[in-house]
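In what follows, a structure is listed as structure tokens, so that the remarks can point back to it.
The values are calculated or read from the model by the stated rules, or taken from the named source; none is laboratory data. All values reported here derive from a predicted model rather than from experimental measurement. As a convention, Cβ positions derive from the backbone with ideal geometry for all residues, glycine included, and neighbour counts pool all protein chains shown. SASA here: full protein model, heavy atoms, side chains in, ligands and nucleic acids out. Shrake-Rupley method; radii C 1.70, N 1.55, O 1.52, S 1.80 Å.
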Amino acid sequence: MEDPVIVFEDVTMRYPNGHVALEEVSLSFGRGEFVVVVGLSGAGKSTLIRCVNRLVTPTEGRVIVDGTEMTGLGDAALRRARARIGMIFQNYNLVRRSSVLRNVLAGRLAYLPTWRTLLGLFPRADIELALRSLERVGILEKAYQRADTLSGGQQQRVAIARALAQQPSILLADEPVASLDPPTAHQVMRDLKRLSREENLTTLVNLHFIDMAQEYADRIVGLRAGEVVFDGPASGVTEKTFEEIYGRRIRPDDLRGTAAVAAEADVPDVETPPVAV
Amino acid sequence: MSSSVEAAEAKGPQIRRTGTGGRIRFGIYVALSLAALAWSFSGLEVSGERILKGLPQVGQIVRQMFLPPNWAYFPKVAQEMVVSLQIAALGTAIAAVLALPFGVLAARNLTRLAGLPFAGKVLLNMIRTFPELILALMFIRALGPGPFAGVLAVGFHSIGMIGKLYAERIETVDKAALEALAASGASPIEVFRYGVVPEVLPDFLSFALYRFDLNVRAATVLGLVGAGGVGTLIQFQIGRDWPSVGMILLGIIVTVGLVDFVSAKLRARLA
């Protein structure tokens, strides 16, 4: 792999209550890779991607992003490093009472002097970038609506636009489709994949739906109890692989349903059909 | 299935036991409350005789006040009522602004230091314990009688009330949105500006409006001790000219009712 963008070196995360979320994890991710991290809830997926932008600081080991060791950065340097890392969350995490545009402009805060951001004086170029970002996820016409008037899928696309406005080199997504119905979930995954390709973004996505992981990932990393138990191309993954990662048999709720099946369904919350993996 | 039935049976005697304990405790509370009530009566020279003698006189005063009130007094009442409204408005505005730093200081979710919010809350509680009337008397002593003392009394007391509401509102802000801002590289002050302020500002305005509502009532009474406004007229006319007092009371009731109505309407729009 030429010049990895993200490197984990023997990373261990032990929370103050003694829970070990990651145990000596060593991984590296190259430019433009679209990686899906799978594992049961509690396996350490969320902790893993939060170590990349240091929303979580590992107790041992090093995380290196674009040649910068994240684990040792001071506050100001950490903010500069975070500016290049976009992040998307399960519950969108928008400021509900702010407009869609203002939420997207928040992606520019780290690039602008504080006096400007405090006064709300965004340069024209930044506003244009924010509007272009909204256009790229197909909701430009919602720019001046309050964020909480949008549907879940639309809110997640605002969150993607906010990440895009950061002009990132890395995109992190923590269970981005867990709160969405199957058609919307596939829509959001397609958006992520497309933008990741267009911008050549190194992308880490946490998912627990194994069919979606197979459909969208270039590479799959499997975590169990804080340890990497699988790491390989998505093409080589079978149901058996997932059973090894999960340490149990695959169940219907491990599947989100394929895009085709989901699109046929009128009701968003249909029972997940059995899918041959 | 059977295990849950067993669990319920196992809990059965416990439930009955706490039930008996609860009834005994309830009986004790009732007895204590009755004792406290009896004690209150004993100290306050309450007697049926006095009530029987006093009631007709109360009826007499009410008749004198409202049948009819002194309508000719209306212009004077209106003039002083405006002063009371001004006292309430200025006092509330000052408090709404000065309460901001206190509210931010007292909110537990903005700092990692536990001592700061604690100190802020204690400070706000101390401010709140001063009744407006006592504050008014203090400010009258210090600055001379008149509406300005009233403004300061209303303002000072309201800082304590509004500041507490501000702090509690800030504490309920969605942490997840703040995390997203921090993750994009925003500094703590930017997280506050873009994550906290837009969420809480409409509610802060709503709190200030509600406080204005209460302060109008307070400001009408403050004149009784010389802090300006319509209360000054009550102090002047009470026991002397009941029809004029009736006119003042009518003025207060109508004004407070109107302010209440308008404030409720505005607050509904801020939700």
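Measuring heavy-atom accessible area with a 1.4 angstrom probe and counting protein chains only, the residues of the stretch B:153-199 that give up at least 50 Å² relative to the chain alone are B:E179, B:A180, B:A183, B:S184, B:G185, B:E190, B:R193, B:Y194, B:E199. A:M87 contributes an accessible area of around 10 Å² to the protein surface, as traced by a 1.4 Å probe with all chains present. Accessible surface computed residue by residue for the stretch A:180-234, with neighbouring protein chains in place and a 1.4 Å probe, gives 33 Å² per residue. Under DSSP H, which helices of chain B have Cα atoms covering 15 Å or more of the helix axis and a Kyte-Doolittle average no less than 1.0? Those that pass (Cα extent of 15 Å or more, hydropathy at least 1.0) are B:74-106, B:132-143, B:242-270.
Heavy-atom surface analysis with a 1.4 Å probe gives the stretch B:73-270 a carbon and sulfur content of 74 percent of its accessible area.
Residue pairs exceeding 26 angstrom between C-alpha atoms, taken from A:K45/A:K240; A:K45/A:K193; A:K142/B:K265; A:K193/B:K175: A:K142/B:K265; A:K193/B:K175.
Suppose a student asked you for the relative contact order of chain A, using Cα pairs under 8 Å spaced at least 6 residues apart; what percent would you report?
24
Rounded, prolate or oblate: which fits the protein assembly as shown when a ≥ b ≥ c are the square roots of the eigenvalues of the alpha-carbon gyration tensor, with rounded for a/c under 1.5 and prolate only if a/b beats b/c? Prolate.
Comparing mean-square fluctuations of B:W242, B:W39, B:W71 from a GNM of chain B with C-alpha springs under 10 Å, the top value falls on B:W39.
Annotation: extensible slack from B:V262 through B:F148 equals 38.5 nm (criterion: 0.36 nm per residue apart, minus Cα-Cα distance). Here the dipole of chain A is about 1240 debye; that uses its Cα centre as origin and unit charges on the Cβ of Lys and Arg (positive) and Asp and Glu (negative). Calculated [222 nm] ellipticity per residue, helices only, for chain B: -28000 deg cm²/dmol; basis is -39500 (n - 2.57) per DSSP H run with n ≥ 4, divided by all residues, nearest 500.
With the cut-off at 1.5 for a/c, could you classify the stretch A:30-161 from its C-alpha gyration tensor as rounded, prolate or oblate? Because a/c hits 1.5 or more and a/b fails to exceed b/c, the stretch A:30-161 counts as oblate.
Note on B:A78 and A:W115: the model spin-label points, each 7 Å out from Cα along the C-beta direction, lie 5.1 nm apart. Here's the list of aspartates and glutamates a cross-link from B:K76 could span, going by alpha-carbon distance under 19 Å and ignoring same-chain residues fewer than 8 apart: B:D241. The mean sequence separation of alpha-carbon pairs under 8 Å and at least six residues apart, normalised by the residue count of the stretch B:73-270, gives a relative contact order of 31 percent. For chain B, what class follows from the C-alpha gyration tensor (a ≥ b ≥ c being the square roots of its eigenvalues): rounded when a/c is under 1.5, otherwise prolate if a/b is larger than b/c, else oblate? Because a/c hits 1.5 or more and a/b fails to exceed b/c, chain B counts as oblate. Across the accessible surface of chain A, with the other protein chains kept in place and a 1.4 Å probe, carbon and sulfur atoms take up 48 percent.
With just the Cα atoms defining each centre, how far is the stretch B:183-255 from the stretch A:66-112? Give it in Å. Between the Cα centre of the stretch B:183-255 and that of the stretch A:66-112, the gap is 41 Å. Spin-label pair B:K53-B:R25: with each label point 7 Å from Cα along the Cα-Cβ axis, the two points sit 4.7 nm from one another. The amide H of A:G61, built 1.01 Å from its N in the peptide plane, has A:T12 as neighbours under 5 Å, considering only residues 5 or more places off or on other chains. With a 1.4 angstrom probe, the accessible area lost at the B-A interface totals about 2200 Å².
Positive-end ranking of A:G32, A:I49, A:N91 along the dipole of the stretch A:1-99, with charges on Cβ about the Cα centre, is headed by A:N91.
Ligands, DNA and RNA are left out, and with a 1.4 angstrom probe the accessible area of the stretch B:73-270 is 46 Å² per residue. Give the residue from B:I51, B:G223, B:L100 lying farthest towards the positive end of the charge dipole for chain B; charges sit on Cβ (+1 for Lys and Arg, -1 for Asp and Glu) and the dipole is referred to the Cα centre. Positive-end residue among those listed: B:I51.
Rolling a 1.4 Å probe across all protein chains gives A:H19 an accessible area of roughly 90 Å². Karplus-derived 3J(HN,Hα) values for the stretch A:64-80, using 6.51 cos²θ - 1.76 cosθ + 1.60 with θ = phi - 60°, are 10, 10, 6, x, 9, 7, 5, 4, x, 7, x, 4, 5, 5, 4, 5, 5 Hz; glycine and proline are entered as x.
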